[in-house]
1. Distance between the C-alpha centers of the stretch A:198-264 and the stretch B:177-216? Whole Å please.
2. Work from the charge dipole of the stretch B:106-264 (Cβ charges, +1 for Lys and Arg, -1 for Asp and Glu, about the Cα centre) and give the residue of B:THR214, B:VAL229, B:LEU261 farthest towards its positive end.
3. From the label point of B:SER221, set 7 Å along Cα to the beta carbon, how far off in nm is each other copy's matching point, shortest first?
4. Given R₀ = 35 Å, what would the calculated FRET efficiency be for B:ARG225 paired with B:PHE155, taking r from the Cβ atoms and rounding to 0.05?
5. Please list B:ARG136, B:ARG60, A:ARG176 in order of solvent-accessible area, largest first, computed with a 1.4 Å probe with all protein chains present.
6. To the nearest 0.05, what FRET efficiency results for B:LEU17 and A:ILE263 with a Förster distance of 51 Å applied to their C-beta separation?
7. How big a patch of accessible area, both sides summed and in Å² to the nearest 100, lies buried between B and A at a 1.4 Å probe?
8. What is the mean number of Cβ atoms from other protein chains located within 10 Å of the Cβ atom of each residue in peptide A:58-67, rounded to a whole number?
Number of protein chains: 2
Amino acid sequence: MKAAHFLMDESPKKKTLRQLDLMGFLEKSGYASVEELTTRFSVTSQTIRRDIADLAMQGRVRRHHGGVALTSPIDAQTYRQRRVERFTIKHRIARRVAELVPDGASVFLDAGSTCEAVAEALCERKELKVVTYSLRAAVILTDRTDFTIAVPGGFVKNVAGSVMGESMSEFIRRFRFDTAIIAVSGIDEDGAMGDDDQNEVSIVRTAIGQARSTLLATDSSKFYRTALVHLGNVTEVDDLVTDAKPEGALQHTLAASQVNLHIA
Amino acid sequence: MKAAHFLMDESPKKKTLRQLDLMGFLEKSGYASVEELTTRFSVTSQTIRRDIADLAMQGRVRRHHGGVALTSPIDAQTYRQRRVERFTIKHRIARRVAELVPDGASVFLDAGSTCEAVAEALCERKELKVVTYSLRAAVILTDRTDFTIAVPGGFVKNVAGSVMGESMSEFIRRFRFDTAIIAVSGIDEDGAMGDDDQNEVSIVRTAIGQARSTLLATDSSKFYRTALVHLGNVTEVDDLVTDAKPEGALQHTLAASQVNLHIA
DNA sequence: AATCATATGTTGAAAAACCGACATTTCAGC
DNA sequence: GCTGAAATGTCGGTTTTTCAACATATGATT
């Protein structure tokens, strides 16, 4: 009973997840106040402090009165390196995605960092019509292109910079897409795709329903990760763009389906 | 006592020097606590706080309980650029505007470059509720704060990064504002304010109607310029923040009204 | 169901940091 | 030397943060 315990269990607990997320946030800004973090994660200051205490124990952050900072904050070099690293993976995928989108197409674009990279890559196309609920993607596209771009209205979710509101699906339903470009938080071995936010899932499902074809863009770290909310099955998508071929069960699931696999 | 000549190694302003040094230190570590800084510079915490207050006023650092952090994780280039930007007219005006907005307020924020500068300055406030149809402003605020932010849905107007749609006014009408922060393209000598886009004017008018007070932020180049679409009269606004006192007729128009004039 | 472990929320008192007002120092210019 | 402005220090009262101890929830194991 206990032997199996430390051999197998790799599933990240909530706490660990949040701490990981917290680190990600820190790496962007270098410093974060406890207050910011409490609202960002919707937990008590005490919980944040416990997270911080853990991370500080591991020497990964520096504690301060009122917040946390990175220990070896954004050493210009590592920072650049990280950027480059992300550039290669996410941007390789993004470029591949952009190649699959014809000029003049009407596109739905999901939120999340991968989709922001896709937005950048889409700038190379011409005369696209894009609907997205990612503010950042919208800004990237308006700044660099003259595409027709639409965003739904609502409240902005801080973590992702995505828009959330009551009538999102209604808004999306007003459009038809040649392609829905989506991203997910995890894909199970049986091909179950999932995300961490119920609302986002609902939006994406609506978009898929309005689209002639669905394109899933995700890096291989998402394989075999289970996400909170079920979004659908990977066999429903028409194209899957990723950076490495999935191994094992997932590979078979895909092979047995109609999914076009693109390795960037 | 004159004996302490070994302390006299400072030539220009001590204060300025230390602040410069402090910035240098910050750029390495991204964050520094007040305590660290007191020992590093051998001065009182109060002095450090005054330095910090100065720098924060200039928008060069973010204050936190216990210390300071850089506003943005530095990229030498952007940093230099920011530094210049900080002292432009728009940013001076923006800072003044932010001072007039109390923590916790609900505000409407117009679109345009001045309002984007205001968005940056508003990051210093706390727990604001912001409704804006400027995508860029929305992104700035979501990236740097945990405010509640809402944007209306619609198509994005490329040049300005503002959102336009049928039901904009309806969306705006769902909110009440403590302050509507607006910008205009021109102000006539008789106080007539105008903008160049019929839709934007309609949105702004609606917002003003929902606001307890209206704050006009505009640089002095807008004085005596006539814009296409009439928006209202400057006497309707409660506060006018600008960079230079208007001369001539407009000055009298303002003096005869209830407008509070703030020169940044 | 009972039990245990883990994660999170709550509370109240102690500690730390803040701010304003005023005192003191420094130094340039008369 | 005297004076005034700028910079810094000191002091107290206030606000914010922290921490420890306890309570509650959730979930897995038996």
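1. Each part reduced to its Cα centre gives a spacing of 47 Å.
2. Final value for the positive-end residue is B:THR214.
3. Label-point distances to the other copies, shortest first: 4.4 nm.
4. Values: r = 28 Å, r/R0 = 0.80.
Given R0 = 35 Å and the Cβ-Cβ separation, E is 0.80.
5. Values: B:ARG136 55, B:ARG60 30, A:ARG176 175 Å².
Ranked from most to least accessible, the order is A:ARG176, B:ARG136, B:ARG60.
6. Working: r = 56 Å, r/R0 = 1.11.
Efficiency, from the Cβ-Cβ distance: 0.35.
7. Numbers: alone 13990 and 14580 Å², together 25440 Å².
Adding both sides of the contact gives about 3100 Å².
8. Details: counts 0, 0, 0, 0, 4, 2, 11, 7, 6, 6.
Taking all residues of A:58-67 together, the mean is 4.
The values are calculated or read from the model by the stated rules, or taken from the named source; none is laboratory data. The structure presented is a predicted model; accordingly, all values stated were derived computationally and were not measured. Cβ coordinates were reconstructed from backbone atoms using ideal geometry, including for glycine residues, and neighbour counts include every protein chain displayed. Just the protein is used for accessible areas: all its heavy atoms, side chains included, with ligands, DNA and RNA removed. Shrake-Rupley method; radii C 1.70, N 1.55, O 1.52, S 1.80 Å.
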